[in-house]
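Below: one structure, written as structure tokens.
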Amino acid sequence: MLDDDVRTLIDESVLCWLATCSAAGQPSVSPKEVFAPLGDDAIVIANIASPGSARNIRENPRACISFVNIFTQKGYQVAGQAAYLKQTDPGYAEAESILLKITLGDYPFRTIFRVTAERVAPIIAPRYKLFPETTEHDQIDSAMRTYGVRPAS
């Protein structure tokens, strides 16, 4: 389910947003900084400081992750079953090795969230639909002006 385009946009995104829901039905969305694809059907997220997300996933395994390249303003929403992995759980070591390549040990974590994709849907800025002549280059230029970013020289 996580094709090359999805995996590329994961790599290009600075943050993802993890949506969870408590057993009582209270939704919560929180940003996550350390995340990566795992195989062709899952995304893993380091649980650095997310007791609410951890509690919600243990109570209700339904979750959704969204990520967007802030310059092209394209991304994906990935929904599916979430798991809360402890160091002793099967699959933890593989996920940890992937996430440690990102953190280089600078962000401590002892648990991991894994979301196995059941549905993947594109996210695209409304400008692409409202103005069909919009190109990714146009969108990048606009975002750079908006955020005050200058290309590296």
(Q) Compute the angle between helix 92-103 and the longest alpha-carbon principal axis of the chain, please, reported from 0 to 90 degrees and rounded to the nearest 10. (A) 40
Q | Helix 136-147 axis, angle to the chain major axis (alpha carbon atoms, nearest 10°) | A | 80
Q) What is the chain's relative contact order, in percent, from Cα pairs under 8 angstrom and six or more apart in sequence? A) 26
Q: Provide the gained length on full extension for the span Ile102 to Gln81, in nm with one decimal, where the gain is 0.36 nm per separating residue minus the Cα-Cα distance.
A: 5.2 nm
Q: Place the peptides 35-42, 135-142, 91-98, 24-31 in order of packing, highest mean first, counting for every residue the other Cβ atoms within 10 Å and averaging per peptide.
A: 35-42, 91-98, 135-142, 24-31
Q.
Taking the Cα centroid of segment 113-153 and of segment 12-64, what is the distance between the two, rounded to the nearest whole Å?
A. 22
Q.
Counting only pairs 8 or more residues apart or on different chains, how many lysine pairs in the chain have their Cα atoms under 19 Å apart?
A. 5
Q | Segments 13-19, 99-105 sorted - mean Cβ within 10 Å per residue, highest first | A | 13-19, 99-105
Q.
Between Ala93 and Tyr147, what is 0.36 nm times their sequence separation minus the Cα-Cα distance? Round to one decimal in nm.
A. 15.6 nm
Q) Convex hull volume of the Cα atoms in segment 51-153, per residue, in Å³? A) 163
Q | Diffusion constant of segment 18-106 at 25 °C, which comes from Stokes-Einstein with the Kirkwood Cα-pair radius and 0.890 mPa s, µm²/s | A | 177
Q: Could you work out the local net charge near Ala49, counting Lys and Arg as +1, Asp and Glu as -1, over the other residues with Cβ closer than 15 Å to its Cβ?
A: +1
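The numbers here are math on the coordinates, done by the rules we state, and not lab data. Quantities reported herein were computed from a predicted structural model and do not represent experimental measurements. Quick reminder, even Gly has a Cβ in these numbers, built from the backbone with ideal geometry, and neighbours come from all protein chains shown.
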